[in-house]
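Below is one structure, written out as C-alpha cells; the observations come after it.
The values are calculated or read from the model by the stated rules, or taken from the named source; none is laboratory data. All figures in this text were calculated on a predicted structure; none of them were measured in a lab. Here Cβ is always computed from backbone atoms with ideal geometry, including for glycine, and neighbour counts include all displayed protein chains. Just the protein is used for accessible areas: all its heavy atoms, side chains included, with ligands, DNA and RNA removed. Shrake-Rupley method; radii C 1.70, N 1.55, O 1.52, S 1.80 Å.
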Amino acid sequence: MTEPQRVRVTGPPRRRPAVRRVDVDEDTRLGEVYLGSLMRAQLSIALRTLAVLFLGVGSLPLLFWLAPGLVRTAPFGIPLPWLLLGVLVYPFLFLLGRWYLRGAERNEASYADLLRSDDEAP
Amino acid sequence: MTLDSAPAIVAVTLVTLATLTIGTWGLRFSRTTSDFYVASRSVRPGLNASAIGGEYLSAASFLGIAGLVFTSGAEMLWYPIGWTAGYLVLLTLVAAPLRRSGAYTLPDFAEERLASRGVRRLCSLLVVSIGWLYLLPQLQGAGLTLELVAGAPRWVGPVLVGTVVLVSVFSGGMRSITFVQAFQYWLKLTALLVPVGVLVAVWGSDGAPRANDLSQTWSLPMGTDGPAGLYATYSLIAATFLGTMGLPHVGVRFYTNPDGRAARRTTLVVLALLGVFYLLPPILGVLGRVYGARPASADTLVLELPRLMLSGWAGDVLTGLVCAGAFAAFLSTSSGLAIAVSGVLSQDVVVPLLRRRGSRYGGVAAFRIASLVAVIVPVAGALLTPSVGVARGVALAFALAAATFCPLLLLGIWSRRLTAYGAAAGLVTGLVTTGSAVVFTISGWRTDTWADVVLTQPALWAVPLSFAVMILVSLATAEHVPPHTTRLLVRLHTPEPTLEPAVAASTQR
C-alpha cells in the first residue's frame, strides 16, 4: 500500500501580497489617480464598443429611410433588410461583445500590474 | 374538451410536472452542499447563462415576435435585436461593476451607492411597477394560449400560471431556480427549432413558394407612416437597448456569478444563446405570410401554424411542442419576475409592517405573504385590463426601466458626482413620463395625431429627459455627494484579487 503523497499546505506568501489595495481603498490622492485611470480606460473601451454598435446597427433605420431602394436588393435570394436584421446582426453583436470583453480584461490586468509594481517599489 | 386540444393539454401538463420535479431535485442537490450560496457562486458561466436565457425569453419572444413580423413585417425585427443588444449594453457598462457591488437587488444597489432610504423606497416602487407591467402581458398571453389550444375560458391561463409560480415559490423553489430556468431555455429552443426545421422542410417540398403579398413595405425595417415610423423605431431601440439593464429579474441573476469577470463572461454567453434563439421566430412569421395564415390574434400564429401546414399526427405533435415552449416561457419569466418583486415587497413593505405590529414573523413568512401579493395583483390586472399584445406590452416595461434604472445605474457606476437628490429627481421624472405613457397606451384612447406615437413609444424623449434631470439636480446639490463615493467606486471597478498566482507559486516550491 502506498501512502498518499504528502502535500504541503501554505498560505499566500506574506511578503508580497498579490494585489495591495490599501492605497486605493482609503480616500487617498494616489487612490483617486489609480481609480481615475482605470475608470477612464474601462469607460473608453465601453463607449468605443457602443459607438460601433450605434454605427453598425443603430444607423440601419436611417439608412433604409434615406435609401428605400435598398429594400429591393436581395443577396442570396433574401431581401437585404431580412438578411441584416434577421440574421447577420446576431453574430455581429456577439463578436462585438467578445471584442469588448478582451479589452476590459486587458485593462484590469494592467491595472493589477500597476498596483503590484507599486508595492514592490521601496 | 375536444380531441384537438389533447396535444396542448398533454404538453402543458408535462411542462408543469417537469418544472416542479426539477425544482425539487435541484432543491435536494443544493441541500447536500454545505452552504447553498457558496454553491451558487460557483455556477459556471454556461449553466448560469442558460438560466438567464431561460428566464429572459418570455412569451413576448416565443409568441410575440413571430406574430408581429407576420402582421407588420421587418420593422418588428427590432424587438429581438433590442432585447439582445440590451445585453451588450449591459455587458459593457453594468455587468462587472454590478456584481462587484454585492447588491442583490436594484434598491440594495441604490441604498449602498447613495446612502439614502428615500431613493431605496423609490427604487422598490419602480421594481414592483416594472415587474407587474412585465407580468401582465405574460399572464394575458397564457390566457390567450389556453383558450386557443385547449378551449379553456380566458381566465384559466393567468390563474394556472399564477398558481404554479406560487407553488414553486412557496416550496422554496428559489434555491433551485437556476436548474429550472436553464432547463427551460433548452426546452424553449427545442420547441421552436424542431417546428421551424420541419416546417421549412415542408415549405421546401411544396416548391418553396413565395408570399403573394411579400411587398416592399412589409420588408421596410422601420414604420411605413413617414417620420412617425422612423421615430417609433428609434424609440423602440432606445427602450430595449437601455431598458434591459433595469429589469428586476435581470439584475438579480448577476449575483450568482463568482466575480465580476465571470459576470462579463456569462453575459457574453447570454448574447450567443439569445442570438441563436432569435433567428427562429421571424422564420415562422414569414411562413405564416407564405401560407396565408389567419390567426385568431397575432400572438397565436406560432401555435396555429403547425396544423395549418401539416395535417394528422405530425401537426398535432408540433402543436404540442410549441405549446410546451410557450408554457415554459410563461412559467420561467413569470417566476423570475415574481421572485424579484416578492423579494422587494417583503424587504421594504411586509417586514416593516409586521415589525410595526409587533409580529414575530419574519424572513420566510414575510416572503410568502409578499409573493401572494406579487402574483395576485397582476393576475387580477390581466383579467381586468384589455390586452395590448404581448410584445408591445413588454416594450412598455422596457421603456419604464430605460427611463428610470438606466440613468441610475449608469451615473451610479460611472460618475462620482451623483447625489441622492439628483437620483430621486431623475427617477421621479422617468416614472411620471413613462408612467403616463403606459396609462395612455393601456387606456386605448387615441387622439389620431402625432401625439399617439410620441406617447405610445415614450423612450426616445423620456430617457434623455431623466438623464438631464438626474445630472442637473446632482450638480446643483454637489455638497451632498456621499462621502464614501470614491471608496465604493473603487470596489465596483477594481478586479477581485486573484489567489491563483500565490497558490501556484507555493505549490511549486
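Values as computed for the structure displayed
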| read-out | value |
| --- | --- |
| Selection count, the range B:58-96, where residues are more than 14 Å from every other protein chain (Cβ to nearest Cβ) and either within 19 Å of B:VAL250 (Cβ to Cβ) or not hydrophobic (A, V, I, L, M, F, W, C) (or both) | 7 |
| Test: A:ARG16 is at pLDDT below 85 and more than 10 Å from chain B (Cβ to nearest Cβ) | no |
| Residue count, the range B:253-263 (criterion: in contact with a Gly (Cβ under 9 Å, 6 or more places away or on another chain) and within 11 Å of chain A (Cβ to nearest Cβ)) | 0 |
| When residues of the range B:98-107 are limited to those that are open to solvent by 10 Å² or more (accessible area, probe 1.4 Å) and not hydrophobic (A, V, I, L, M, F, W, C), the one nearest to the other protein chains (Cβ to nearest Cβ) | B:ARG100 |
| Residue in the range B:240-257 that is in contact with a Pro (Cβ under 7 Å, 6 or more places away or on another chain) and modelled with pLDDT under 85 present | no |
| Test for B:ALA110: is it more than 14 Å from B:LEU247 (Cβ to Cβ), open to solvent by 10 Å² or more (accessible area, probe 1.4 Å) and hydrophobic (A, V, I, L, M, F, W, C) | no |
| Tally of residues being within 20 Å of the chain's Cα centre (by Cα) and at pLDDT 85 or above across the range B:276-301 | 7 |
| Failed criterion for B:VAL270 (all others in (1) in contact with a Phe, Trp or Tyr (Cβ under 9 Å, 6 or more places away or on another chain); (2) under 24 Å from B:LEU411 (Cα atoms) hold) | (2) |
| Every residue from the range B:456-477 that is open to solvent by 10 Å² or more (accessible area, probe 1.4 Å), at pLDDT 85 or above and in a helix (DSSP H, G or I) | B:LEU460, B:TRP461, B:PRO464, B:LEU465, B:PHE467, B:ALA468, B:VAL469, B:ILE471, B:LEU472, B:VAL473, B:LEU475, B:ALA476 |
| Matching entry among B:LEU418, B:LEU396 (being buried (at least 24 other Cβ atoms within 10 Å of the Cβ), in contact (Cβ under 8 Å) with a residue 12 or more places away in the chain and over 21 Å from the mean Cα position of the chain (by Cα)) | B:LEU418 |
| Residues of the range B:44-67 classified as part of a loop (DSSP other than H, G, I, E, B) and within 22 Å of B:ARG261 (Cβ to Cβ), total | 1 |
| Residue in the range B:431-441 that is nearest to B:LEU408 (Cα to Cα), counting only those that are touching a residue at least 40 places away in the same chain (Cβ under 8 Å) and open to solvent by less than 40 Å² (accessible area, probe 1.4 Å) | B:GLY435 |
| Per-region count, the range B:239-278, residues polar (S, T, N, Q), in contact with a Leu (Cβ under 9 Å, 6 or more places away or on another chain) and under 25 Å from A:ASN107 (Cα atoms) | 1 |
| B:LEU279 being surrounded by fewer than 24 Cβ atoms within 10 Å (Cβ to Cβ), in contact with a Phe, Trp or Tyr (Cβ under 6 Å, 6 or more places away or on another chain) and over 21 Å from B:ILE339 (Cα atoms) | no |
| Exclusive hit being out of contact with any His (no Cβ under 6 Å at 6 or more places or on another chain), surrounded by fewer than 20 Cβ atoms within 10 Å (Cβ to Cβ) and modelled with pLDDT of 85 or more, set A:ARG72, A:ARG40, A:ARG29 | A:ARG40 |
| B:ALA152, sole failed condition from (1) assigned to a helix (DSSP H, G or I); (2) surrounded by fewer than 24 Cβ atoms within 10 Å (Cβ to Cβ) | (1) |
| Residue in the range B:121-143 that is over 20 Å from the mean Cα position of the chain (by Cα), within 21 Å of B:ALA370 (Cα to Cα), not in a loop (DSSP other than H, G, I, E, B) and not β-branched (Val, Ile, Thr) present | yes |
| Candidate set: the range A:43-88, residues that are in contact (Cβ under 8 Å) with a residue 24 or more places away in the chain and in contact with a Pro (Cβ under 9 Å, 6 or more places away or on another chain); chosen: the one nearest to the other protein chains (Cβ to nearest Cβ) | A:LEU85 |
| Any chance B:THR92 is out of contact with any strand residue (DSSP E or B) (no Cβ under 9 Å at 6 or more places or on another chain), surrounded by fewer than 24 Cβ atoms within 10 Å (Cβ to Cβ), part of a helix (DSSP H, G or I) and of a type in the set (Val, Ile, Thr) | no |
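Every residue, every condition in (1) aromatic (Phe, Trp, Tyr); (2) part of a helix (DSSP H, G or I); (3) surrounded by fewer than 18 Cβ atoms within 10 Å (Cβ to Cβ), yes or no:
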| site | (1), (2), (3) |
| --- | --- |
| A:LEU50 | no, yes, no |
| A:VAL89 | no, yes, no |
| A:TRP99 | yes, yes, yes |
| A:SER110 | no, yes, yes |
